[in-house]
Every structure is written in structure tokens, then in C-alpha cells.
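The values are calculated or read from the model by the stated rules, or taken from the named source; none is laboratory data. Being a predicted model, the structure only gives us computed values, none of them experimental. Cβ atoms come from the backbone with ideal geometry, glycine included; neighbour counts cover every protein chain shown. Calculation scope for accessible area: heavy atoms of the full protein, side chains included, ligands and nucleic acids excluded. Shrake-Rupley method; radii C 1.70, N 1.55, O 1.52, S 1.80 Å.
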Amino acid sequence: MLQPLRIITPLFLLLVGVRAKDNTDNCKLNFESESERKVLRLLEPLTKQNFTVEAKEKEKYSYIFQVCGDADGMKNAGLVQRENVNGKQTLVGNYSQTRAIGGSDWVLLIYEGGEKYDSHCSKEPRKAMIMISCSKTATKSAFKVVQEDRERQQDCFYLFELDTSVICPVTPSKLSAGSILLIVAFSCLALYLTGGFLYQRLVVGAKGVEQFPNYAFWSEIGNLTADGCDFVCRSRGNREEPPTYRGMATEPLGEEPEERDDHLLPM
């Protein structure tokens, strides 16, 4: 039993190790930092893919780009220029010399350490800059050449653009918790009314208002609510005092005591 485990375990670890190399960890940053490494991780879904575009110059070139992988099968090449006639490859950017700058919905990926220019840019190494932008409707063919800026003494570069949806920020739900609760409550109410109506009509055989589910219960609730509202909201004055009309008491008047005028008679 232990023998198969001894054989399977190294194979499993080997497979895990190989898989770990096929991601953005393959990119070697010029200045290792957690912020740039975090930006690179946003591009993880784009790894293991070749993005190809043809140049517009008279010389028929194609450019092949890969995120932290061997573009066009060339070792350590993040971006390769290939001649369409004879297939000659030129290393434009090396993913072992990477820089990554990120924004809210874009990433600027820079590959340095390419082959040196023959006569331009003081024969410095080539450099590729890929602007990766958010696009909800992007396809793999959204990779394009912007320009090759080599008419200077130094700091020349190739500039590319790639539109993709993988770096688009997550859009939060516009519905609040209260709105969701209201939707659920109304949905349950509609289900209750519909199911109760069908049951009362088809199973019980009720007619008219009796088809309303739990009609007697809701009628009682309605009456009690109306009574409570009437008691609380309607003003009737002090209920312990008898009602009055125009300032006169409405109680029946008793017999008035007989007035005696004996004191007015002469003695």
C-alpha cells in the first residue's frame, strides 16, 4: 500500500510544480514589490495564450505576445517580432525583465531586455510596452500595434494595446438589502395569493370573495385594524365628560326649585 503512495506523491508534486510555473510567477520583476506582483496577478486568466497582430509597415512583420510565457515558442520571450516571409524571430521584450503598473481598469505591462537595435536608438536593447485596458466586449483579436518609437537616441519602445474583460472592476449590485427583501416579500405574497386562490376555487369550490385565501382571518384582521385606527385617530373629546352642544349640557334638566317670594311681602 505504501509503495504506490511513494510513486504517486512525487508525480503529484511534480505536476503541481510544473503548473505553478505556467502563470504570472514566471515574470521576473526588475524591482520586486508586492504592489507590482499584485498587478500581475490580475493578468492570470490571460496566461498560456498567444496574442498575434500583423504590423502595418511595408515590411511584413507579425508580433506575438504572451503574458509571462514563451511567445511564439521562444524561450523567455514575452513579445516577439516575426518576419512573415522567412519566419525570422526578433526578441522585442523579455519577461524576465518585467515592470507592471496598474490603474482602476488598466494595466501597463513593460518587457525590457530585448535584442539590441542594429543602428537606431544608440543600439540599446528593445523594449515592449503593452497597454491592457478593460473592455466588456473584447475578443482575442483586440490586440493591436500602436507604434514603434525608434526615432530618438534612447528610451525607444514598441507600444501595443490589448482590450480584455479580465481586468474590468467588479460592478457592485445596484440593489440594496431593503430592495431585495421587498422583492422577496412581494414574490412570496404573489405566490400565496395565486396558490390560495387556485386551491379555494378548484379544491374547496369556493365562489366570490370566498375564493380569497383565509378570507375569514383577513376580514377579522381588517376589522380590528379599522377599529384601532378609529379609536386612535378620530377625536371625540374627553370620553368621560358628557357631550355638549353650543356650550349647553345635554343632560336632562331636573325640576328647578320653587322660588319663594315670601320675603317680598310686607310684614
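Taking 20 °C and 1.002 mPa s as the conditions, I'd like the Stokes-Einstein D for the stretch 41-186 in µm²/s, using the Kirkwood hydrodynamic radius from alpha carbon pairs. Before the final figure, lay out the partial values.
Working: Rh = 16.7 Å.
Here the translational diffusion coefficient equals 128 µm²/s.
Determine the gain in length on full extension of the stretch residue 161-residue 201; use 0.36 nm per residue of separation and subtract their C-alpha separation, reporting nm with one decimal.
Value of the extension gain: 7.9 nm.
Using θ = phi - 60° and the Karplus relation 6.51 cos²θ - 1.76 cosθ + 1.60, list the HN-Hα couplings for the stretch 184-193 in order, rounded to whole Hz, with x at every Gly or Pro.
5, 5, 5, 5, 5, 5, 5, 5, 5, 5
At a probe size of 1.4 Å, how large is the accessible area of residue 181, to the nearest 10 Å²?
Ignoring ligands and nucleic acids, residue 181 comes out at about 120 Å².
Report the calculated FRET efficiency for residue 83 and residue 171 (r = Cβ-Cβ distance, R0 = 35 Å), to the nearest 0.05. Intermediate values should be presented prior to the final figure.
Values: r = 43 Å, r/R0 = 1.23.
It comes to 0.20.
May I ask you to give the solvent-accessible area per residue for the stretch 74-150, in square angstrom, as obtained with a 1.4 angstrom probe? Working shown, then result.
On the way: 3850 Å² over 77 residues.
Spelled out: the 1.4 Å probe surface of the stretch 74-150, per residue, equals 50 Å².
What is the gain in length, in nm to one decimal, between residue 184 and residue 60 on full extension, counting 0.36 nm per residue of separation less the C-alpha to C-alpha distance?
Numbers: separation 124, 0.36 × 124 = 44.64 nm, distance 6.07 nm.
Additional length available on full extension: 38.6 nm.
Tell me the trypsin sites (Lys or Arg not before Pro) within the stretch 153-225 that lie in a loop according to DSSP and have at most 16 other beta-carbon atoms within 10 Å.
Numbers: sites: 174, 201, 207; in loops: 174, 207.
In loop regions of the stretch 153-225 (DSSP not H, G, I, E or B), the sparsely surrounded trypsin sites (Lys or Arg not before Pro) are 174, 207.
Considering only Cα-Cα distances, which of the following residue pairs are longer than 23 Å: 60/116; 88/123; 38/123? Numbers along the way, then the final one.
Numbers: 60/116 20 Å; 88/123 19 Å; 38/123 33 Å.
Beyond 23 Å: 38/123.
Ignoring ligands, DNA and RNA, how do 218, 106 rank by accessible area with a 1.4 Å probe, largest first? Walk me through the numbers before you get to the answer.
Working: 218 110, 106 90 Å².
Order by accessible area, largest first: 218, 106.
Could you let me know the centre-to-centre spacing of the stretch 21-85 and the stretch 143-158, using Cα atoms, in angstrom?
Comparing the Cα centres of the stretch 21-85 and the stretch 143-158, I get a distance of 17 Å.
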